[in-house]
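I have placed the structure first, in the form of structure tokens, so that the comments after it can refer back to it.
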Amino acid sequence: MPRPEDLLNRELSWLDFNARVMEEAEDPSVPLLERVKFLSIVSNNWDEFFMVRVAGIWRQIDAGITQPGPDGLSPRQLLERVASKIHAYSARQHELFHAILEPQLEAEGIVILDPKDLDPAQAAFVLDHFERALLPLITPLAVDTGHPFPRLGNRVLVLVAELEPEASLLDGDLPASELSFIHVPTTLATRFLRVPSAPGTHAFVMLEDVVRHHLARLFLGYAVRSCHAIRVTRDSDQPVEEDPSEDLLKTVEESLRDRRRGAVVRLQYEKGLSAKVLDLLIEEMELSPEDLYPSSGLTAFSDLMQLYAQVDLPRLKDAPLPPLPVPQLDQAANLFDAISRNDILLHHPYQSFDDSVARFVREAADDPRVLAIKMTLYRVTQNSPVAAALERAAERGKQVAAIVELRARFDEAANIAWARRLEKVGVHVVYGLPNHKIHCKACLVVRQEREGIRRYCHLGTGNYNERTSRIYSDLGLLTARPELGEDLANLFNMLTGYTRPPRFHELLVAPQHLKKGLTARILREIDHARAGRPARMILKMNALVEPQIIQLLYEASRAGVKVDLIVRGTCCLRPGVRGLSENIRALSILDRFLEHARIYHFANDGQPETLLASADLMPRNLDHRVELAFPLADPVLAAQVVEMLELQLHDTLKGRVLGPEGDVLRRGLDDQDPPLRSQLRIYEHTLLASGVGAVTRKLPPLPPEA
């Protein structure tokens, strides 16, 4: 195991990643509304970080755990460092929006108005909206001896109003002072209310300001002494206590209800909130100094995504990069015939998910020769076309099995709804394994053909989710190779029944084989280096946390193996440390698409091996989930993936080189590389390969510094 000083802390590394996301909001070469979008993403990421990671730290502290983690930090020390970093980042975020982005938005005619500054027509519009759409949804919650402190919703804007009776009513009928909480009703409406404005202007008022401006209509007989917005974030990572005698579906549903009752781990509040009210909030919600986050102006920047969606100004957004057709499938009348000829590599969102993966499941549902469909569903949308195709296949009498992972964090509700729908039409629904999340992405289609039964497979690095397929960069494989078909059949038998499959031909399955398989391949590169042969690895993932793998990579570096890491998010390895990791380079790419593919490439002394996987190099993926890694047997496809990796390693515009403290050293591994933005170059290559519209389509230009 690595020494504590050789590991970066996981939580602190994740915060460094989010600082890289904020860099995109700070970058003047990024279109203005895209900068606003990235600022929203930063806040949304922090929300989840508090709900899961900070909540986990607090649970350790409350349990009295003082033992340091692998990096040498105790839970209390870690909490203090996390709070210090986020307070600094939060101040940076407020300064960025109010001092830089908001004035630039106003210069472009996008203004956020104070209700006091509305003209008569706008004021009448806002008043009508308040009385018609907001007032019926508002329930003021008083706090006094007869009214207990209310339950404040998770990530909900709440107004805290301090009231006092009007002088003419001080006759003993009304309390001398009151405190009232008002949940701002944003569930049915956007937080940014568009108001009538001059042509070329996009004018908005904030919903909380609308409510605040009309409080007199709520509290008749009272004067409003002050009113400030607050927002609480709660522990939402409630562990699912599985009882073997209980149905897992029922258990997860109950856990979702418990999530709403989680402890408060952060209080955001507008500066100016009275000390008396703040003390009350601290006492009632049992808060510590680390939990307090004062804000100036806009509270909850995560809602800026709503502003981004409402303003249709293409010149202030990224030029569209519409998904392109997959050449092998575009002209194919029958998708299965195309797959039977050659393996087909898919790259989303550059290539269309709907015309490839969704089409694969749709055609399987409609093809009379298809006998059975088996697939895993980890994150599905409420209107998932893939799940709908499974539903239709079952209605047509096909054997359909769906492994629906109910414990996919924050997507449990949609998964539960689909599980119930699929069960109703006769799909064999499995809710996962008791002690392991099923995180692999696989679909198996069994088809009756003239020569006999044939299996068709899709394997991927990303979820069967049409929404994320448009913004996540993932790879997939369509294949009819018998070895993979047999492996997938054995895997599904293991997941749906009680069977221990024979040795897999090509799949590496976690938790049984994946970690061992990757370890063996790293050791093989070490052996090559020690024997004086060229040795190299390119490993691309979302997160690198697993201590044993990190230790192996350090050993590889000391042996002379050249290691290139492309890690989007958390990286606990320290790259570039003399005597420890001087042969390891780490790059983090942040651009318009979220880098999500997991690729593990090993040079193997001239006999290269390239694996695609669903798993990051984290303990939870390798030891506590069902994950898959699969090889690209076609050398042409493998070469295409390696070419893409090499392109990303030379990204000088969006590729950040990580230093040994998790900091960003510079853009691009080599200062001498010409300007390159890998995602645009990949789209350009995909466009040329598609053969469609290569002359008429125009790529967006590189940023000015290029």
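Counting only DSSP H runs of at least 4 residues, each contributing -39500 (n - 2.57), and dividing by the residue count of the chain, the helix-based mean residue ellipticity at 222 nm comes to -10000 deg cm²/dmol. Applying 1/(1 + (r/R0)^6) with R0 = 45 Å to the Cβ-Cβ distance of Glu106 and Asp62 gives a FRET efficiency near 0.50.
Once the Cα atoms are used to define both axes, helix 120-129 deviates from the longest principal axis of the chain by about 70 degrees. Taking the accessible area of the chain, probe 1.4 Å, and keeping the other protein chains in place, the carbon and sulfur fraction comes to 51%. Relative to the longest principal axis of the Cα atoms of the chain, helix 32-48 runs at roughly 90 degrees.
Could you compute the FRET efficiency for Met285 and Asn435, with r as their C-beta to C-beta distance and R0 at 35 Å, rounded to 0.05?
Values: r = 34 Å, r/R0 = 0.96.
The calculated FRET efficiency here is 0.55.
Put the Cα centre of the range 554-577 next to the Cα centre of the range 375-389 and the gap is 36 Å.
Per-residue surface analysis assigns Met644 an accessible area of about 20 Å², computed on protein heavy atoms at 1.4 Å probe radius. Annotation for the range 435-472 versus the range 65-111: alpha-carbon center distance of 39 Å.
Distance between the 7 Å Cα→Cβ label points at Arg92 and Ser274: 3.7 nm. To test your reading of the geometry: what angle, between 0 and 90 degrees and rounded to tens, separates the Cα axis of helix 635-649 from the longest principal axis of the chain? Tilt of helix 635-649: around 40 degrees. Of Ala124, Ser581, Leu78, which is farthest towards the positive pole of the chain's charge dipole, taken about the Cα centre with +1 and -1 on the beta-carbons of Lys, Arg and Asp, Glu respectively? With unit charges placed on the Cβ atoms, the residue in question is Ser581. Backbone geometry of the range 4-11 corresponds, through the Karplus equation with coefficients 6.51, -1.76 and 1.60 at θ = phi - 60°, to 3J(HN,Hα) couplings of x, 6, 8, 10, 8, 5, 4, 5 Hz, x marking Gly and Pro. Looking at the range 329-422, the trypsin sites (Lys or Arg not before Pro) that sit in a DSSP loop and have at most 16 other Cβ atoms within 10 Å of their own Cβ are Arg369, Arg396, Arg409.
Note on the range 519-655: dipole from Cβ charges, positive end direction compared against Thr570, Leu612, Ala520; the farthest Cα belongs to Thr570. Summarising the label geometry, the points placed 7 Å from Cα in the beta-carbon direction at Leu647 and Val52 lie 3.0 nm from one another. The range 210-226 and the range 501-520 have Cα centres separated by 64 Å.
If the segment from Ala198 to Ala263 were pulled out straight at 0.36 nm per residue, it would be longer than the present Cα-Cα gap by 18.8 nm. Averaged per residue, what accessible surface does the chain expose to a 1.4 Å probe, in Å²? Accessible surface, normalised per residue, equals 42 Å².
In this Cβ point-charge picture (+1 for Lys and Arg, -1 for Asp and Glu), the range 554-706 has a dipole of about 440 debye about its Cα centre.
Computed FRET efficiency, Cβ-Cβ of Thr190 and Lys424, R0 41 Å: what is it to the nearest 0.05?
Numbers: r = 34 Å, r/R0 = 0.84.
Step by step, r from the Cβ atoms, then E = 0.75.
Please report, in debye to the nearest 20, how large the charge dipole of the chain is about its Cα centre when each Lys and Arg carries +1 at its beta carbon and each Asp and Glu carries -1 there.
About 2040 debye.
Applying the Karplus relation 6.51 cos²θ - 1.76 cosθ + 1.60 with θ = phi - 60° to the range 520-534 yields 3J(HN,Hα) values of 4, 6, 5, 4, 5, 5, 4, 4, 4, 5, 5, 8, x, 8, x Hz, where x marks Gly and Pro. Stretched out straight at 0.36 nm per residue, the stretch from Gln672 to Asn334 would grow longer than its current Cα-Cα span by 116.9 nm. Note on Lys116 and Leu135: the extension gain reaches 4.9 nm, defined as 0.36 nm multiplied by sequence separation minus the Cα-Cα distance.
The values are calculated or read from the model by the stated rules, or taken from the named source; none is laboratory data. What you see is a predicted model; the values in this text were computed from it and never measured. We place every Cβ from the backbone using ideal geometry, glycine too, and count neighbours over all the protein chains shown. Areas reflect the complete protein model, heavy atoms only, side chains present, ligands, DNA and RNA absent. Shrake-Rupley method; radii C 1.70, N 1.55, O 1.52, S 1.80 Å.
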